[in-house]
Amino acid sequence: MFKIKFRGLRIMNTNRMQWKNGLCDGIPIALGYFAVSFTFGILAKKAGLTPFQAVVISLTNMTPAGQFAALGLMGASATYLEMATTQLVLNLRYCLMSCALSQKLDAKAPFIHRFLLAHGITDEIFGVAVCKSGKLNPFYNYGLMSIAIPGWTLGTFFGVISGEVLPAKIISALSIALYGMFIAVIIPPAKGNKILTGIILLSMLVSLLFAKLEVFHYISPGFKIILLTILIAGIASFLFPIREEQEDYPAEGKSISPSLREGSLL
Amino acid sequence: MSENLYLYILVMAGVTYLIRLIPLTLFKRDISNVYIKTFLHYVPFVTLAVMTFPAILDTTANRWSALGGFIIAIILAYQGNSLVKVSAAACIAVFLIELIIC
């Protein structure tokens, strides 16, 4: 019995540590979110929403593209079906992420975690969580969510009430934080890995083509991400399947960004 | 618009939550198929790369500051710095460049 108690305590400590790690890794996410949702707040105010309404939208949706699109739809008094369809198309990529994240979770972990984790599947939280090696502890994600969600929500709030208080230069600088984080997530594993390097370069190149060529302008940004992800990841997995049975991918043993490893935070 | 605003929010939040929830609850067991596993492993790299470029170039007030931040982030990430450091360095680079050229 003593042993069981000890084990329970140890699991609790691990969960606590994982939560803390998540909290730390979530700082750049929160900063980036703050900047982006600040802009959302400003636009929400222009669309005639109260601070409370804007905050409720941010808290319940946690989706940049979807929320910006929603403002336009509300303003145009779109039908609920249009609203639902737009959100579906813009956010369908979360479906792919959810599939990938599901694989990282322990199948035996309590089911309730999945309902809580689901709300936190955003591009950024997913990107950071999925690149952790080994199985994913839900508490790591809760750590990320504990700071990212307030960042997103508070940014919205301050955007609505004080659009002009923060100097434009600061907003401009903060708005690159999210991208800086994306880069910190995808570059280290690609170091010394030709396949991943090729995938990243090709993805950026095709993405640039989609942005520049007028033919592709009909495609919404959300759908473009889905299309390219399925195409490029699909072709790459067909050409370069990873056959090792062990948990490790070629990239992983080496150097996932150090902050993603347990223990070392900054 | 205000009387049905909360219905709008309900619809959008509901759809978005279900998109996130359904795969998490349906595909519980480990996938053994090599291709699907590899596919899911490659997904975040493609998704994040596509989202980052070229969008990063239009995110700040000035294209050159964005380019500067982008390059700084790549260099620091390549050296294996933490998320916070890479992100902060990119922000500072943008700030400094805009201070000089704007």
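The values are calculated or read from the model by the stated rules, or taken from the named source; none is laboratory data. Remember, it's a predicted structure, so these values are computed and weren't measured experimentally. Heads up, the Cβs are rebuilt from the backbone with ideal geometry, glycines too, and the neighbour counts pull from every protein chain shown.
Mind checking which helices (runs of 4 or more DSSP H) fall wholly inside region A:1-85 and carry at least 3 residues that are farther than 20 Å from A:Ser175 by Cα and within 9 Å of chain B (Cβ to nearest Cβ)?
A:51-61, A:64-75
Among what's in region B:60-71 and is at the interface with another protein chain (Cβ under 9 Å from one of its Cβ atoms) and surrounded by fewer than 22 Cβ atoms within 10 Å (Cβ to Cβ), pick the residue that is farthest from A:Phe40 (Cα to Cα).
Here the answer is B:Asn62.
Might you check whether a residue that is at the interface with chain A (Cβ under 7 Å from one of its Cβ atoms), in contact with a Phe, Trp or Tyr (Cβ under 9 Å, 6 or more places away or on another chain) and not in a helix (DSSP H, G or I) occurs anywhere in region B:39-47?
Taking every residue of region B:39-47 in turn, none turns out to be at the interface with chain A (Cβ under 7 Å from one of its Cβ atoms), in contact with a Phe, Trp or Tyr (Cβ under 9 Å, 6 or more places away or on another chain) and not in a helix (DSSP H, G or I).
Please enumerate the residues belonging to region A:23-62 that are buried (at least 23 other Cβ atoms within 10 Å of the Cβ) and charged (D, E, K, R).
Residue satisfying the conditions is A:Asp25 alone.
Give the residues of region A:143-182 that are among the aliphatic types (A, V, I, L, M), buried (at least 21 other Cβ atoms within 10 Å of the Cβ) and within 25 Å of B:Ile100 (Cα to Cα), sorted by residue number.
Across region A:143-182, the qualifying residues are A:Ala173, A:Leu174, A:Ile176, A:Ala177, A:Leu178, A:Met181.
Looking at B:Val11, B:Val46, can you tell me which residue is β-branched (Val, Ile, Thr), modelled with pLDDT of 85 or more, over 24 Å from A:Ala168 (Cβ atoms) and under 22 Å from the mean Cα position of the chain (by Cα)?
Just a single option satisfies the conditions, and that option is B:Val46.
Can you name the residue in region A:118-156 that is in a helix (DSSP H, G or I) and of a type in the set (Gly, Ala, Ser) and is also modelled with the lowest pLDDT among such residues?
Of everything passing the filter in region A:118-156, A:Gly127 is modelled with the lowest pLDDT.
What residue, of A:Lys135, A:Lys108, is within 11 Å of another protein chain (Cβ to nearest Cβ), touching an Asp or Glu at 6+ places or on another chain (Cβ under 7 Å) and not β-branched (Val, Ile, Thr)?
When all the criteria are applied, what remains is A:Lys135.
Find the residue count for region B:1-36, including only residues that are over 30 Å from A:Thr50 (Cα atoms), more than 7 Å from every other protein chain (Cβ to nearest Cβ) and assigned to a helix (DSSP H, G or I). So that I can check it myself, show each step before the final result.
Let us first name the residues in region B:1-36 that are over 30 Å from A:Thr50 (Cα atoms), namely B:22-36.
When the remaining residues are screened for being more than 7 Å from every other protein chain (Cβ to nearest Cβ), the result is B:22, B:26, B:32-33, B:36.
This time we only want the ones that are assigned to a helix (DSSP H, G or I), so: B:22, B:26, B:36.
Residues flagged as over 30 Å from A:Thr50 (Cα atoms), more than 7 Å from every other protein chain (Cβ to nearest Cβ) and assigned to a helix (DSSP H, G or I) within region B:1-36 amount to 3.
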